[in-house]
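The values are calculated or read from the model by the stated rules, or taken from the named source; none is laboratory data. Worth saying up front: this structure is predicted, and the values here are computed from it rather than measured. Don't worry about glycine lacking a Cβ; one is built from the backbone with ideal geometry, like all the others, and counts go over all protein chains shown.
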Amino acid sequence: MTERTLLGMLTPSSNTVLEPTTTAMLHDLDGVTAHFSRFKVTEITLSEHGLAQFDHDRFLAAADLLADAKCQAIAWNGTSAGWLGFANDEALCARITESTGAPATTSILANNDLFRRHGVRKFGLVTPYTDDVQARILEIYRAGGFECVSERHLGISDNFSFSEITEAQVEAKCREVAAEGAEAISIICTNMRGAALAERLEAELDVTIYDSISVVVLRALELAGLDAARVRGWGRIFAL
């Protein structure tokens, strides 16, 4: 039997994009599969209820289920540290590893790690979020040493509705951000259809796309001891 690599993905309950996208991304990697554990997330707001969805105990219950499947790496395939702060995800990953024994990452930490590796300090931002959430993300990235030179957001808070944003809409926002001078673009949301656009937009616009699903798959592969360059057709980040 081919040696297997099992990647665990912590998934927002209302997300319908990250699972098929992640599976497609790993399709040509023999023996590599992704396994998903959900917990309840239905809105992205700064309200008490919206923030409480990301209590670490909720993550840990879902992570423990992935540990039963002997996943070699566990990733929070979500972007909550964008408005809760990078330290929140760092603490979460430490708790996941302590509880399960598996190395852990998140979409935001993976994005930031790649920014540092690639020397990105100025970037463009595309999200589906509301004004206040977007402002918080910009504030947190600024405090972390990253300058957003252009941004677009769609003003939506219902998490399921992010999955109904079309690729054409995401593409249009990326084009607008690139036209304003962004040479690197983060598409921050794991329930929005950005990953499949990367190759074409990068070639046409001479930008590098850091999609939230793509970056976490890349980092999870690395944590499991695999060469992420084996992923082809999903953008420059896998080859840089």
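Out of ASP55, ASP64, ASP68, ASP89, one residue alone is acidic (Asp, Glu), within 26 Å of ALA182 (Cβ to Cβ) and free of Cβ contacts under 8 Å to residues at least 40 places away in the same chain. It is ASP89. Looking across region 114-128, the residues that are within 19 Å of LEU218 (Cα to Cα) and either among the hydrophobic types (A, V, I, L, M, F, W, C) or assigned by TED's automatic domain parsing to the domain that holds LEU60 (or both) come down to LEU114, PHE115, VAL120. For region 223-240, which residues satisfy the criterion of being surrounded by 16 or more Cβ atoms within 10 Å (Cβ to Cβ), in contact with a strand residue (DSSP E or B) (Cβ under 9 Å, 6 or more places away or on another chain) and touching a residue at least 40 places away in the same chain (Cβ under 8 Å)? Across region 223-240, the qualifying residues are LEU223, ALA224, LEU226, TRP234, GLY235, ILE237.
Please specify each residue of region 141-186 satisfying the condition of being among the aliphatic types (A, V, I, L, M) and surrounded by fewer than 16 Cβ atoms within 10 Å (Cβ to Cβ). Across region 141-186, the qualifying residues are ALA143, VAL149, ALA168, ALA172, ALA179. A search for C-beta distances below 7 Å between a residue of region 154-182 that is in the same structural domain as GLY194 (by TED's automatic domain parsing) and any residue that is assigned to a helix (DSSP H, G or I) and aromatic (Phe, Trp, Tyr), counting only pairs 6+ apart in sequence or on different chains, returns ILE156/PHE162. Can you spot a residue in region 89-102 that is small (Gly, Ala, Ser), buried (at least 18 other Cβ atoms within 10 Å of the Cβ) and assigned to a strand (DSSP E or B)? Among the residues of region 89-102, not one is small (Gly, Ala, Ser), buried (at least 18 other Cβ atoms within 10 Å of the Cβ) and assigned to a strand (DSSP E or B), which makes the answer no.
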